[in-house]
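Visitor: Got a structure for you, questions after.
No value in this document is a laboratory result; all are computed from the given coordinates. Nothing here was measured: the structure is a model prediction, and the numbers come from that model. As a convention, Cβ positions derive from the backbone with ideal geometry for all residues, glycine included, and neighbour counts pool all protein chains shown.
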Amino acid sequence: MTNSTPSPENKILIASANPLFLKGLEKMVLGRYGESARVRATTTTSETLDLMESWQPSLVIVDYDDKSISRAEFLHQFVAGDLPMQVMLVSLQASGAVVVYDRRTLTPAQAQDWLSTPQNQPQSKAPISRRSSSMKHYVFAGALVLVLTFLVDLVLSVTRLLPVQASLQAKPIDRLFDIEIVAISFLFSLIVVFIGYSLIVFRRKPGQDEDGAYFKSNNPLEIIWTVIPLGAVIGLSYLGAITLGETRQADPAPLEIKVVAGQWFWRFEYPEYGIVSDKMYMPVDKQAKLTLTSMDVIHSFWVPEFRVKQDLLPGENLVRELRITPSLLGEYKVRCAEMCGTSHAYMESPVIVVSQTDFDAWVQGELAAIGTDPAARGERWAKNNGCQSCHSVDGTPGVGPTWQGLFGQSVELMDGSTVVIDDAYLYTAITSPNAQVVKGSTPNVMPQTYKDSISDDQIADIIAYIKSLQ
Amino acid sequence: MKNFLSIGFVTGIIGQIVGTAIGIGLLTGIRAMMGLAPKSEPAAVLGAALGIIGFMIGVGGFRDWFTWAKGEDTYEAEEFHDRPGVIRYWGYSLDHKVIGVQYGILSLLLMVLGGTFALIFRTELAQSGMQFISLDFFNTLIGMHGMVLIISILMGISAMSNYLVPLLIGAKDMAFPRLNAFGFWLAVPASVVIVAAIFTGGFDTGWTGYPPLSARAPLGMQMFFVAVFFAGWSSIIGALNLIVTILRMRAPGMNMFRMPIFAWAVLATSLIALTATQLIGTSFQMVSFQRLFGMGFFDPAKGGNPLLFQHLFWFYSHPAVYVFILPGLGIISELLPVFVRKPLFGYKWVAMSSMGIALVGFLVWAHHMFTSGMEEYLRVPFMYSTLLVAVPTGIKFFSWTATIWQGRMRFATPMLFTLGAIVVFLLGGLTGPPLGTVATDLHLHDTYFVVGHFHDTLFGGYMFPLFAAIYFWYPKITGRRMNETLGKIHFYLMTPSFLVMTFGQMAVGLLGMRRRIADYDPAQGFQTTNLIVTIAAFLIALSILIFFINLFVSARKGEVAEGNIWESRSPEWALLPSPAPEHNYAQPFNVVGDPYDYGLKGSKYVETAPQQAAD
């Protein structure tokens, strides 16, 4: 523990009322100094002081935590004496630190040497000089933390990190991002600077072989860096909750859009106007209430420029809602954000934000386009229901058979029978796709929900459209 | 030939082939007798499951238990001796050090495999448009990359804990040596089965396997489920063993607060693995049964709910990420004091923070579901609990910083990787709060920002510490040191490449690149960044190639390690020669001090107990 061994005769006095302390130290001391050492133990102040006088121990070890040994009285007597003696105050509780007093008598010449040669300096002096120089290190490192925080934050805030902000909901979200970036910059700088500073300033230089500074623990410090982050995360959560609330503010009279997703298409229905479209038109500055549902697997509605995201679940009882108020004219894309199978990457549809006038014009155009030719109507329904994401109309192979030249073919089914593709077969194939699967195709790929989502009239139009594709 | 057939691994593989054939034959045969057409899926699932059991019989995993069942005696685990030489790593051993190395070999093999998958799809992503693989193969690869590396990580953690824990706490072996070997070998056929998923049609769900998509994915999905089920079983067995070992087999004098900090980390990890792994097994089993028997657990048309799966799944899979990182954080805390020559600052706080992370980790799973459509109000309490994880994690960071402060740093390769781990994990940690805060997560969820975030946490919390551990303890395994120059090249090549890779991933994620997409819209403006990310990925692969060269060459040509090469206080360096002898400490030791009192002159952590121990 101390590097100077009391010699030639080791007389060691251990003062503690705690028998465990006594026993442990006695064992250690004997192990260290061997048989030459003599150890005596005391349990009260007066006993200790008496023995110090009469027995003249070379080393006294005092239990720092023990109230039955009066430290003040003990030290008083120690300072009064002049024989060589060392005292160790050992604590078992606080971080295991040890205080050492070294009493010796020196001639003036020895004192001169002692003062001038650094290697003779007693250990107890080191912490004092270290403390003042370490203050300097803390100040330097602290200043560097501030500089680096500023720089990191600057770089992150001038870089374009996010896409254009195009909805009212995006505003509070982006504001929260800014706060988070400041916090990240600070915490990053704090840790990196202190570690980096330590690496450069305190690293082992060539020829040095001693260990690092010995300090083990500091409970107040630990409590500080537990409580402050705790406060910070509660604060951040609170801000997060407030921001979430802002994005969910509901307008009493929104534009309703029903969003239906399937593998791998988007369909947008405007119940107020009776329009079904594969593009989402939205009037600017008017809140849209999206009701979201899926026909097969889980998809996720996300327009990066709008920031907010919501999964679409299959099942009538799992319809979800999302409020979006577009605030910037332009053409964006809704991109499916939940893995949904083969063509997930391509599950994108245009989202077009227009002025209210342009929106009304689009509505009129859509309504007028529902004309009298069943094949032309069928083309519309097919497009709006996403049929073409699996069935091409120009002979290109896809997930499902191409529609070009499909009508009138005779095909072999999985059960071995042969059918001619006619009106009746196509109706069955659309409404219950698993009933008559063509040999070589996989069942369960085509959604089985079209009989509910597309009206019989529309199916008849789609069949007319397929018929026209010869 | 006879020699060849005496190798456990070989008989195991034969057992697996036989078991698979029996499983497929049994079901097909029964159906044929009933006059039904053969059905591939149930046959394949039964085949895969019986194949794994066949492997366990073949490798000898049941031998001793069968003997006991007959009422006969076997040798004690301590009387067990391995065949000398490298051959012992190929057979059924009961020695924790051999099993640790076996885990390590399996882990590194899977790491190469999972990394190769990433290189393939990263090449595809270097440019927009599909260049050389199909959409379905791409989708299979991303799922495989995820799950193969998760199994690799679980194996790597088991490698470290199996090899180190008994050595560090002064035990002769693990508490249950036979169970230990059983747990390891279970993971081998499971790994074979997961690789088989590629050849049975793959699957297009990513590693999360969400139904309804996973209920309609190709047959490969079932192989994935079976493999994860058994790998999870292996993990549970390993965790149980480690908990008992740590609680019951410590050297005299080693109270809980004198344990090496790594033992605390392993204890926390094992508690999670023991209690949560069942949930992922169950959730995958339920999807599997939905497919096999039409049980509509997650099918809305049959009254099921797809969200139920997500709850069950994340109830394991979130705590699982702490399973992945806690041992790595333990390695950081273990190695830092050795190389800065200072005590670990706030030992008790660091130890307790591991337990704190493990505890809080159980309360945060629904933060993966902020946009999933679960009950909306749940998002707020889960945001609070999620951000709470920052508190114990912060304690670790501050404690590491205080440990390094005024340390006399020595920059050996293990130390470089430890420092790399701290910085990379810091980036992973700091990118967490934007994801944990619901409002910003609405934008970030399922984007490449998440990908960047968890690559930071897993590299910082697992990969870097794993490399540090390998460079540090390799001499204890082989008796030779790894080459320092190659080690430094590995570090200085991998670290910047890795940082560039994850910064790139986060940047494109913020701009709107979705996770798991095979192709991207050039209009979104992240072509260049994706190219850079791909190049960085290849540089990481190159650095890991250098690591493997070092690993193999040093085993024969490395500098011989004599004595306590790191001047560590830990018993395996202070008391044992390298390589560590069979059954560890010939003479038991007593713990007489704190583990990390570097800089306290004359203090000791362990000393060999005198033969006539005082009582």
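Visitor: Out of B:ALA190, B:GLY129, B:SER270, whose Cα points farthest toward the positive end of the dipole of the protein assembly as shown (charges: +1 Lys, Arg; -1 Asp, Glu; placed on Cβ)?
Guide: B:SER270
Visitor: Here's a follow-up. Under 20 Å from a point 7 Å along the Cα-to-Cβ line of A:GLN208: which residues of segment B:326-367 have their amide N that close?
Guide: Those under the cut-off are B:336-345.
Visitor: Exposure proxy check: A:CYS387, A:CYS340 ranked by fewest other beta carbons within 10 Å?
Guide: A:CYS387, A:CYS340
Visitor: Also, I was wondering about something else. Sort A:ASP82, B:ASP441 so that the residue with the fewest other Cβ atoms within 10 Å of its own Cβ comes first and the one with the most comes last.
Guide: Values: A:ASP82 9, B:ASP441 27.
Arranged by neighbour count, lowest to highest, A:ASP82, B:ASP441 become A:ASP82, B:ASP441.
Visitor: Sort the following peptides by mean Cβ neighbour count (other Cβ atoms within 10 Å, averaged over residues), highest first: B:60-69, B:287-296, A:98-107.
Guide: Result, highest mean first: B:287-296, B:60-69, A:98-107.
Visitor: What's the exposure ranking of A:HIS137, A:HIS76, going from fewest to most Cβ atoms within 10 Å? Provide the component values of the computation, followed by the final result.
Guide: Details: A:HIS137 17, A:HIS76 11.
Listed from fewest to most nearby Cβ atoms, that is A:HIS76, A:HIS137.
Visitor: Run the simple label-point estimate for B:THR485 and B:GLU79 please: 7 Å along Cα→C-beta, distance reported in nm.
Guide: That separation, rounded to one decimal, is 5.1 nm.
Visitor: What are the lysines whose alpha-carbon lies under 20 Å from the alpha-carbon of A:LYS383, with same-chain residues fewer than 8 places away excluded?
Guide: Within the straight-line limit of under 20 Å, A:LYS383 reaches these lysines: A:LYS258, A:LYS279, A:LYS333, A:LYS451, A:LYS467.
Visitor: What average number of partner chain Cβ atoms lie no more than 10 Å from the Cβ of the residues making up B:506-516? Numbers along the way, then the final one.
Guide: Details: counts 1, 3, 0, 1, 7, 5, 11, 2, 13, 4, 6.
Mean inter-chain Cβ contacts per residue within 10 Å come to 5.
Visitor: Hey, can you list the DSSP H helices of chain A whose Cα span along the axis is 24 Å or longer and whose average Kyte-Doolittle score is at least -1.0?
Guide: Within chain A the helices that satisfy the rule are A:126-158, A:170-201, A:219-247.
Visitor: Do you know the relative contact order of chain A, to the nearest whole percent, from alpha carbon pairs under 8 angstrom that are 6+ apart?
Guide: Numbers: 689 pairs, mean separation 42.9, N = 470.
Contact order relative to length: 9 percent.
Visitor: Then there's this: Can you work out the FRET efficiency for the pair A:LEU115 and A:PHE150, with r the C-beta to C-beta distance and R0 = 41 Å, to the nearest 0.05? Could you put the intermediate results ahead of the total?
Guide: Numbers: r = 46 Å, r/R0 = 1.13.
Efficiency computed from Cβ-Cβ geometry: 0.30.
Visitor: Dipole size in debye (nearest 20) for chain B around its Cα centre, Lys and Arg Cβ +1, Asp and Glu Cβ -1? Walk me through the numbers on the way to the answer.
Guide: Numbers: 36 positive and 32 negative charges, 106 e Å.
Here chain B has a charge dipole of around 500 debye.
Visitor: For segment A:255-369, what does the relative contact order come out to in percent, with C-alpha contacts under 8 Å and a separation of six or more?
Guide: Numbers: 269 pairs, mean separation 33.3, N = 115.
With pairs under 8 Å counted, the relative contact order is 29 percent.
Visitor: Work out, step by step, the length gained on full extension between A:GLU256 and A:HIS76: first 0.36 nm times the residue separation, then minus their alpha carbon distance; give nm to one decimal. It would help to have the intermediate numbers written out before the result.
Guide: Working: separation 180, 0.36 × 180 = 64.80 nm, distance 8.77 nm.
Gain in length upon complete extension: 56.0 nm.
Visitor: What share of the DSSP beta bridges in segment A:255-369 is antiparallel, in percent to the nearest 5?
Guide: Numbers: 23 of 35 bridges.
Taking every DSSP beta bridge within segment A:255-369, about 65 percent pair in antiparallel fashion.
Visitor: Name the residue from A:MET414, A:ALA429, A:GLY395 whose Cα lies farthest towards the positive end of the charge dipole of segment A:374-468, charges +1 on Cβ of Lys and Arg and -1 on Cβ of Asp and Glu.
Guide: Result: A:GLY395.
Visitor: In whole angstrom, note down how far apart the Cα centers of segment B:460-490 and segment B:189-251 are.
Guide: Cα centres, segment B:460-490 to segment B:189-251: 28 Å.
Visitor: Sticking with this one: For segment B:510-604, which trypsin sites (Lys or Arg not before Pro) are both in a DSSP coil and crowded by at most 16 other Cβ atoms within 10 Å? Walk me through the numbers on the way to the answer.
Guide: Working: sites: B:ARG514, B:ARG515, B:ARG516, B:ARG556, B:LYS557, B:ARG569, B:LYS601, B:LYS604; in loops: B:ARG515, B:ARG516, B:ARG569, B:LYS601, B:LYS604.
Qualifying residues, ordered by number: B:LYS601, B:LYS604.
Visitor: Other chains near A:241-252: what is the mean number of their Cβ atoms within 10 Å of each residue's Cβ?
Guide: 3
Visitor: Averaged over peptide B:599-606, how many Cβ atoms belonging to another chain are found within 10 Å of each residue's Cβ? All intermediate terms of the calculation are to be shown ahead of the outcome.
Guide: Values: counts 7, 6, 7, 6, 4, 2, 0, 0.
Partner Cβ neighbours, averaged per residue: 4.
Visitor: Out of all DSSP beta bridges in chain A, what portion is antiparallel? Express it as a percent rounded to 5. Let's see the in-between values first.
Guide: Numbers: 34 of 60 bridges.
About 55 percent, rounded to the nearest 5.
Visitor: Using r as the Cβ-Cβ distance of A:PHE140 and B:LYS601, and R0 as 51 Å, what FRET efficiency do you calculate, to the nearest 0.05? Kindly include the intermediate steps, with their values, before the conclusion.
Guide: Working: r = 29 Å, r/R0 = 0.58.
E between A:PHE140 and B:LYS601, to the nearest 0.05, is 0.95.
Visitor: Quick one: dipole size for segment B:448-602, taken about the Cα centre, charges +1 on Lys/Arg Cβ and -1 on Asp/Glu Cβ, in debye to the nearest 20.
Guide: 240
Visitor: For chain B, what is the calculated [θ] at 222 nm in deg cm²/dmol (nearest 500), taking -39500 (n - 2.57) for each run of four or more DSSP H residues and dividing by its residue count?
Guide: -22500 deg cm²/dmol
Visitor: A follow-up question, please. Taking a ≥ b ≥ c as the square roots of the Cα gyration tensor eigenvalues, with a/c under 1.5 meaning rounded and otherwise prolate when a/b beats b/c, else oblate, which class fits chain B?
Guide: It is oblate, given that a/c is not under 1.5 and a/b is not larger than b/c.
Visitor: Just want the answer: with Cβ charges of +1 for Lys and Arg and -1 for Asp and Glu, which residue in B:ALA366, B:GLY460, B:VAL438 is farthest toward the dipole's positive end in chain B?
Guide: It is B:GLY460, whose Cα lies furthest towards the positive end.
Visitor: Out of all DSSP beta bridges with both ends in the protein assembly as shown, state the antiparallel percent to the nearest 5. Can you show the working numbers first?
Guide: Details: 39 of 65 bridges.
Here the antiparallel bridges make up roughly 60 percent for the protein assembly as shown.
Visitor: Assuming 0.36 nm per residue, please report the length gained on full extension of the stretch B:ILE14 to B:ARG63 beyond their Cα-Cα distance. Write down the numbers at each step before the final one.
Guide: On the way: separation 49, 0.36 × 49 = 17.64 nm, distance 1.61 nm.
Stretched fully, the B:ILE14-B:ARG63 segment lengthens by 16.0 nm.
Visitor: Follow-up. For segment A:255-369, what is the charge dipole size about the Cα centre, in debye to the nearest 20, if Lys and Arg each add +1 at the Cβ and Asp and Glu each add -1 at the Cβ?
Guide: Using Cβ point charges on Lys, Arg, Asp and Glu, segment A:255-369 gives about 280 debye.
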